[in-house]
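Have a look at the structure below before the remarks.
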């Protein structure tokens, strides 16, 4: 469905409610990005509580400001993916290992369980999952400082 004729509002329970052009109302709707890293503003699906797609938004920019703001707020609540700016230290070059990193949300330490938890998304982008399932993003390998690159190269 690509019809952009719908309304969005929070219901009495704080859940997102979608009303389609046919008048049908759906509570507990969740926006889901089709391409969260490569194209975060393209391909947004509004999914019902049963997991079925109710509406498709090709581009967030196609929406008016109020609907766009509601969707962006919902996505911000659901998505947490700090961007790694620097790798401060790594406890061992054998996994599991403790990593201390500086991110766009501050400094933190996490455990890397296995080298397979580092996934290459593109030639310059990596996604690293810690032992708790939190994902950290390296947007541009070339932008990392020399020490960070040296530490990371031991795992790639």
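No value in this document is a laboratory result; all are computed from the given coordinates. All figures in this text were calculated on a predicted structure; none of them were measured in a lab. We place every Cβ from the backbone using ideal geometry, glycine too, and count neighbours over all the protein chains shown.
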Helix axis angle, 65-78 relative to the chain longest principal axis, alpha carbon, degrees: 40
Ellipsoid semi-axes in whole angstrom, largest first, where each is sqrt(5λ) of the Cα gyration tensor of the range 6-78: 18, 13, 12
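When only Cα pairs under 8 Å and 6 or more residues apart are kept, what is the percent relative contact order across the chain?
The value is 14 percent.
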Sequence of 56, 99 once ranked by neighbouring C-beta atoms within 10 Å, starting from the fewest: 56, 99
Residue order, fewest to most beta carbons within 10 Å, for 41, 130: 41, 130
Alpha carbon Rg of the chain, scaled by the compact-globule rule 2.2 N^0.38 Å: 1.28
